[in-house]
1. Condition check: under 17 Å from the mean Cα position of the chain (by Cα) and in a strand (DSSP E or B). Does Ile136 satisfy that?
2. Mind counting the residues in region 85-104 that are over 18 Å from Lys200 (Cβ atoms), free of Cβ contacts under 8 Å to residues at least 60 places away in the same chain and touching a helix residue (DSSP H, G or I) at 6+ places or on another chain (Cβ under 9 Å)?
3. Considering only region 193-243, how many residues are in contact with a helix residue (DSSP H, G or I) (Cβ under 9 Å, 6 or more places away or on another chain) and of a type in the set (Lys, Arg)?
4. So, in region 1-52, exactly how many residues are among the hydroxyl-bearing types (Ser, Thr, Tyr), farther than 30 Å from Leu99 by Cβ and touching a helix residue (DSSP H, G or I) at 6+ places or on another chain (Cβ under 7 Å)?
5. From the list Gly158, Gly178, Gly162, pick out the single residue that is within 19 Å of the chain's Cα centre (by Cα) and of a type in the set (Gly, Ala, Ser).
6. Looking at Asp87, Asp81 in this structure, which one is touching a Lys or Arg at 6+ places or on another chain (Cβ under 7 Å) and outside any helix (DSSP H, G or I)?
7. What number of residues in region 105-133 are in contact with a Phe, Trp or Tyr (Cβ under 6 Å, 6 or more places away or on another chain) and not in a helix (DSSP H, G or I)?
8. Between a first residue in region 69-84 that is at negative phi and open to solvent by less than 10 Å² (accessible area, probe 1.4 Å) and a second residue that is of a type in the set (Phe, Trp, Tyr) and at pLDDT 95 or above, which pairs have beta carbons less than 7 Å apart while being 6 or more apart in sequence or on different chains?
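The values are calculated or read from the model by the stated rules, or taken from the named source; none is laboratory data. None of these values were measured; they are calculated from a predicted model. Note that we place each Cβ from the backbone using ideal geometry, even for glycine, and neighbour counts take in every protein chain shown. Each accessible area value is taken on the protein alone, full model and side chains, heavy atoms only, with ligands, DNA and RNA left out. Shrake-Rupley method; radii C 1.70, N 1.55, O 1.52, S 1.80 Å.
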Amino acid sequence: MSHALGVSHSEIFAHPEFLPYEQSVINAAISRRENGEPLQYILGIEDFYGRSFSVGHGVLIPRHDTETLIEGVKKCFNHDDDFKFLDWGTGSGCIAVTLLLEFPKSYGYMLDISDDALKYARENLSRYNLINRSEIISRINSAHIDMIISNPPYIPSGEIQGLMREVKDYEPHSALDGGSDGMKYYREIFDLAVKILKPKGYIIFETGNINQVNEIEKMNNNFEAYCRIFDDGNFPRCLVLRRE
């Protein structure tokens, strides 16, 4: 109600009666939620690592579990370190923006093939005045960077239709579908990393299940497992690897 009418919570409690046009606005928002549309899309915003990010149709909604990636970076770099990173599949830009704010001397490349997602990434960079410390790209030809970070699509194709309707019916499948075994994009990122990552550089992944964790750790001989970061459910949600 507060969002639909553009008033504070206290105003709702102080004046709980609504004019007909106000009630119609509220009912429209309620109908969207009843139909399964994610609340974050209706409100147009979601929190990530203590900050607010614009979201909407065509972009993956930030998850609390993904905050473990930020903790993974903090295992690799100090607050004042000067480093460059690639956020592969940046989506809303929540990971890259958070890193740029947490590490004020860093510089970020933000890669995505979705125009809808990049619209929100640009909006969120502007929200935090970070345009001059980042570059949004749709492909990367050459670079010499210190870290690749990614929450890639990792759900096996056959499992998409079994997801809750808020996810399968509304969020972009291009940000969810990781191919037949869920590993397609992990392989692609490893191939890219060999070309653009510095020696001793890092790859930081979000993972979906323990089988993926184990397979990723032994997938490429050029990289060694560096550490795991566990989520609130005690699952190794973040996997950090270092180039040998």
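1. Judged against the criteria, Ile136 is a match.
2. 12
3. Selection size over region 193-243: 3.
4. 2
5. One residue alone meets the criteria, Gly178.
6. Asp81
7. Count: 3.
8. Ile70/Tyr49; Phe83/Phe77
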